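The values are calculated or read from the model by the stated rules, or taken from the named source; none is laboratory data. Nothing here was measured: the structure is a model prediction, and the numbers come from that model. Every residue, glycine as well, gets a Cβ built from its backbone with ideal geometry; the counts of neighbours run over all protein chains shown. The accessibility values were calculated without ligands, DNA or RNA, using every heavy atom of the protein model including side chains. Shrake-Rupley method; radii C 1.70, N 1.55, O 1.52, S 1.80 Å.
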Amino acid sequence: MDFANFLIQLLNSLQYGLLLFMLAAGLTLIFGIMGVVNLAHGSFYMLGAYLAWALTAQFESLTLAIIVGCLLAVAFGWLLEWLLFRHFYHRDHLDQVLLTFGLIYIFEELRSILWGDDVHSVAVPEAVSQSIQLTENLSYPVYRLVVSAVCIVLALGLYGLISKTRLGMKIRAGAFNREMAEALGINIRLIHGVVFALGVALAAIAGMVAAPISSVYPGMGSSVLIMCFVVVVIGGIGSVRGAMVAALLVGLVDTFGKVLLPQIAGMAVYMLMAAVLLYKPEGLFKQ
């Protein structure tokens, strides 16, 4: 592998890892703070991708589609938490699994009714449709670099929100000791609504920015859900920092595995997870 090919695969692994972080961060926030096992998280990724396709056709602008889609995802997450999830916080994890597993089928049927079962493509915005020429025969799309930059900005924003703001302090307090936080006057129900809406929005944004790269198709949420859980387990359940490190590791292993060792590429990520859990059963970072 020459340097140009190595650089392309490195950038691909970075972009894939950052997208996985967007998904895993929402999942680990919802579980770490609310204690909810959400198997339907991949459906929010699918929702974002279909919103990108439908709204881009409506507005003829992917950027505007992402802004409107993000607002719709936040509203949908808030409504879903208010209608369903807040009634399952004190229930057994099996009840939560059954609820979210049922939601997967409901979302898939709604997707089929609203948008059909065809595969769709989303055009890359003209402003970022160029490629950077690396060699005479190799180039790298500018849009992939933009996706990586958007994910990095959102990751820094999430870190600032959780670590540096008063809202983040309340979120951490509610995750650490819900009863004490409520006794101090923190509205835990409001915090849970904010966290769930944030988790849905992160997954939907990941789906929206990934739509021009991976296309939009039925069942796309299920394909990323397993990898998302792998990231959460490797990083440590409830740890946003762990989700970031694990997502980048998974991106590297998966991308370079497919290039260098295609025979075992399908197992490489799970071998990484097994190796991490063998030495650190709680993941790389505890909550």
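Of the candidates Trp82, Trp78, the single residue that is touching a helix residue (DSSP H, G or I) at 6+ places or on another chain (Cβ under 6 Å), of a type in the set (Phe, Trp, Tyr) and either at pLDDT 90 or above or exposed (fewer than 14 other Cβ atoms within 10 Å of the Cβ) (or both) is Trp78. Among the residues of the stretch 122-139, just one is open to solvent by 50 Å² or more (accessible area, probe 1.4 Å), assigned to a loop (DSSP other than H, G, I, E, B) and in contact with a strand residue (DSSP E or B) (Cβ under 7 Å, 6 or more places away or on another chain), namely Leu134.
Buried (at least 23 other Cβ atoms within 10 Å of the Cβ), within 30 Å of Leu249 (Cα to Cα) and small (Gly, Ala, Ser): which single residue out of Gly17, Gly35 fits that description?
On the way: Gly35 fails: buried (at least 23 other Cβ atoms within 10 Å of the Cβ).
When all the criteria are applied, what remains is Gly17.
Residues in the stretch 184-230 that are over 22 Å from the mean Cα position of the chain (by Cα), surrounded by 15 or more Cβ atoms within 10 Å (Cβ to Cβ) and either at pLDDT 85 or above or not aliphatic (A, V, I, L, M) (or both): 0 in all. Which residues, taken from the stretch 50-71, are free of Cβ contacts under 8 Å to residues at least 60 places away in the same chain and touching a helix residue (DSSP H, G or I) at 6+ places or on another chain (Cβ under 8 Å)? Correct list: Leu55, Gln58, Phe59, Leu64, Val68.
Annotation: Ala181 fulfils all but one of (1) more than 15 Å from the chain's Cα centre (by Cα); (2) touching a residue at least 60 places away in the same chain (Cβ under 8 Å); the unmet one is (2). The residues of the stretch 1-24 that are in contact with a Gly (Cβ under 8 Å, 6 or more places away or on another chain) and small (Gly, Ala, Ser), listed by number, are Ser13, Gly17, Ala24.
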